[in-house]
Amino acid sequence: IAMGRQYHPQILREYGEYEEPRLRDYVNDIGQRLAAQSHRSDLVYRFTVLDSAEVNAFALPGGYIYITRGLIGYMNSEAELAAVLGHEIGHVTARHSVRQQTASTAASLAYTLGSILVPEIGGNVGQNVYGVVSGALLSGYGREMELEADGLGAEYLARTGYDARAILDVLGTLKAQEQFASQVAQAEGREPQSYHGLFASHPDNDTRLQEVVGKATFLAPDAGTAAPDQAAFRAATDGMVFGDSAKQGIRRGNRFYHADMGFAVTFPEGWALKNLPDRLIAVAPQGKASAQLTVEDINKRIPPEQFIRDRLGVKNLSGGEAIDAGDGDLPGYSGLIELNSRRGRTVGRLSVIYLDDKAFVLLGAPLPGSDASAAHAQLLETARGFHRLTAAERKLAEPLRITWRQANKNLSYDELARDSRIPGYPEQELRLINSDYPEGSLTRGEWYKTVQ
């Protein structure tokens, strides 16, 4: 319990809470009803919807349970949402986090969540990693513990009146999402990310999972069958942000727009962007180069070159040159620096661009052994292209949102995709969020989700 209480604020700082009262209250109500049927109903459970497009859910010891809006976006019923929450309650009641920690590791419950490039620059920039949760929260607790959590979750579903087979429905939906995400990640030369609770431990048609789900119905013979309020589920999720939020900035392919901070930046064609609360990560195809964009307050009226030396503590910048970013109205400075990355020693490019009272720090490097000159030219071009958000780009900085509709005729996903703002793979994404991947169509009268 003390561990959960200690790390809960760090989780909120890391991800941010999705501040939509209707969805927050709805998730909490379902979670509390499930928790009341758990083996540790004396705990005070806290259910938090995280403002993240990642597909994940996890729990800290002591009743702190989190689900991302990215995962909720793939749910299509109240029972499926309850199945995910029940699984995470199962981790809490079985004390899986604590059981994973030995005496030597319990004091250092930390896991690097974001940084793909951890440079060692001077004395005070260095490794900016944020310890938040143990690796188990992202990669799973191992098959036995995950199966135990499934069994407990199924039991809590049945006791609350839900159909325990909703766990299998979630598995099918998110297995499809994992398959698609893996294909996209492979094409972009990066590692896929998926929800550990249903992926790491279960192959398709897992016999033991079928058994624990079937057993749950016998543990609660008098619970009856729930009639989940689908209208309430639709109302709670209608208008929910899909993908990036405005507060964190919006990705459009290799472009990034941030309305609140008033800037836009374009990375080289084909680079994949990962949006974290405190930085933007960009990765070249096949991981041949990477970069991160962070921001610092400017407290003294000093030129960017001096900012690099005094604030960032970088004394060994070479080949430095002044740059005029945007339309020539944003002063900056760029140069080369030796870095230690996880893949070996390399020469990176560090650029600082001023925008009003902020200094934007772009640090990138080629993979050791790759075409360094091409990567440096691309990174310099990216820095020079950093600019103030224009009036025309304001609309691009608005988030996408899920909208529920009822089909007034038979519909194809190809037709829906032409009317959607989803970038990249609109038809596949629409199929996934409606549990119709890879094939299927919509019939007249059917409720479905679209993204606008």
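The values are calculated or read from the model by the stated rules, or taken from the named source; none is laboratory data. What you see is a predicted model, and the numbers here were worked out from it, not measured in a lab. All Cβ positions, even for glycine, are placed from backbone atoms using ideal geometry, and neighbour counts span all protein chains on display. Remember, those area values only see protein heavy atoms, side chains included, never the ligands or the DNA or RNA. Shrake-Rupley method; radii C 1.70, N 1.55, O 1.52, S 1.80 Å.
For D356 and L396, what is the calculated FRET efficiency with R₀ set at 22 Å and r taken between the beta-carbons, to the nearest 0.05? Please report the intermediate quantities before stating the final value.
Details: r = 21 Å, r/R0 = 0.94.
The value I calculate is 0.60.
Just want to confirm a number: the relative contact order over the stretch 34-80, from Cα pairs under 8 angstrom separated by 6+ residues, in percent. Spell out each step's value before the answer.
Details: 60 pairs, mean separation 15.3, N = 47.
Once divided by the residue count of the stretch 34-80, the mean separation gives 33 percent.
Would you mind classifying the stretch 241-369 by shape? Square roots of the alpha carbon gyration tensor eigenvalues, ordered a ≥ b ≥ c; an a/c under 1.5 is rounded, otherwise it is prolate if a/b is larger than b/c and oblate if not. Oblate.
Would you mind classifying the stretch 304-422 by shape? Square roots of the alpha carbon gyration tensor eigenvalues, ordered a ≥ b ≥ c; an a/c under 1.5 is rounded, otherwise it is prolate if a/b is larger than b/c and oblate if not.
Working: a/c = 3.27, a/b = 1.96, b/c = 1.67.
Judged from the Cα gyration tensor, the stretch 304-422 comes out prolate (a/c at least 1.5, a/b above b/c).
With contacts taken as Cα pairs under 8 Å and at least 6 residues apart, the stretch 302-452 reaches a relative contact order of 16 percent.
Structure note, pairs K175/K409; K247/K358; K358/K395; K300/K358; K274/K449: Cα-Cα distances above 21 angstrom occur for K175/K409; K358/K395; K274/K449. For E54, the amide hydrogen comes within under 5 Å of the amide hydrogens of G70, counting only partners 5 or more places away or on other chains and with H modelled in the peptide plane. With every protein chain in place and a 1.4 angstrom probe, the accessible-area ranking of K300, K449, largest first, reads K300, K449. Across the stretch 413-423, coupling constants 3J(HN,Hα) worked out from phi with the 6.51/-1.76/1.60 Karplus curve, θ = phi - 60°, read 6, 4, 5, 5, 4, 5, 9, 9, 8, 4, x Hz, and Gly and Pro carry x.
Within the stretch 1-36, the GluC sites (Glu not before Pro) that combine a DSSP coil assignment with at most 12 other C-beta atoms in a 10 angstrom radius are E19. Across the stretch 175-180, rounded Karplus estimates of 3J(HN,Hα) from the backbone phi angles (6.51 cos²θ - 1.76 cosθ + 1.60, θ = phi - 60°) give 5, 5, 4, 5, 4, 5 Hz, Gly and Pro being marked x.
In order along the stretch 253-265, phi translates into HN-Hα couplings of x, 8, 10, 9, 10, 10, 5, 5, 8, x, 9, 9, 8 Hz, rounded to whole numbers, per the Karplus curve 6.51 cos²θ - 1.76 cosθ + 1.60 with θ = phi - 60° and x for Gly and Pro. The peptide list 72-78, 28-34, put in order of mean Cβ contacts within 10 Å with the highest first, becomes 72-78, 28-34.
Under a 1.4 angstrom probe, counting protein chains only, how are R345, R13, R159 ranked by accessible area, largest first?
Working: R345 145, R13 165, R159 80 Å².
Output order, biggest surface exposure first: R13, R345, R159.
Which of the GluC sites (Glu not before Pro) found in the stretch 274-348 are loop residues per DSSP with 15 or fewer other Cβ atoms within 10 Å of their Cβ? The partial results should precede the final answer.
Working: sites: E296, E305, E321, E338; in loops: none.
Nothing satisfies the criteria.
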